[in-house]
Amino acid sequence: MSARTMCRFLFIGYGNDLRCDDGAGQHAARIIEKWGMAGMRVIAAHQLLPELSEEIAWARCVIFADSYAANPGDGCRVATVVPQKPAAGMTHSMSPQALLWYAQDMYDRKPAAWLIAIPSVAFGHGEDLSSTAQAGVREAVARVREIIESEGVTYGSTKTCTKSD
């Protein structure tokens, strides 16, 4: 890993942004990407794919964000994520736990990881978020700041972490 700079943080916001609230994770990613924070890489993805395990291996901390079916007024759920071997034959969509397992198995890396579940109530066709999901995205972004601050990181730099850093 010495040939490549490790990102301090990797944020992966995922979900289908053409299915209303299901895209809440991607909405959060677009907000966080605008921070331009040094040492942070942000990925907005339709779904989690095995290829992301390499990105995860190069991070010290990983934060995943996705929607969950909620009731109006529910808030974000934040949980730590631990590696878990995926079921045999899984080749497409992955869980955060499976991606961490691949990072550990293939790259001998196990970064600290969290999952922020964003409350969502509308899953029809469209790109707009419900008021529940909008509030959830704001809360998720605040929670990301809390996690970053708990790791002793300060804001202000505009350099982002990329593969070529």
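Any read-out appearing in this document is the output of simple, stated calculations on the displayed coordinates, not a laboratory observation. Computed from a predicted structure; not experimentally measured. Please note: Cβ atoms are built from the backbone with ideal geometry, for glycine as well, and neighbour counts cover all protein chains shown.
Remark on region 7-150: hydrodynamic radius 15.0 angstrom, per the Kirkwood mean of 1/r across alpha carbon pairs. Remark on R109: its backbone amide H falls under 5 Å from those of Q104, a criterion applied only to residues 5 or more positions apart or on other chains, H modelled at 1.01 Å from N. Could you calculate the FRET efficiency of Q97 with R145 from 1/(1 + (r/R0)^6), where r is the beta carbon distance between them and R0 is 35 Å, rounded to 0.05? In this case the efficiency is close to 0.90. In order along region 15-20, phi translates into HN-Hα couplings of x, 8, 6, 9, 10, 6 Hz, rounded to whole numbers, per the Karplus curve 6.51 cos²θ - 1.76 cosθ + 1.60 with θ = phi - 60° and x for Gly and Pro.
How much length would be gained if the chain were fully extended between R138 and R30, taking 0.36 nm per residue of separation minus their Cα-Cα distance, in nm to one decimal?
Result for the pair: 37.7 nm of gain on full extension.
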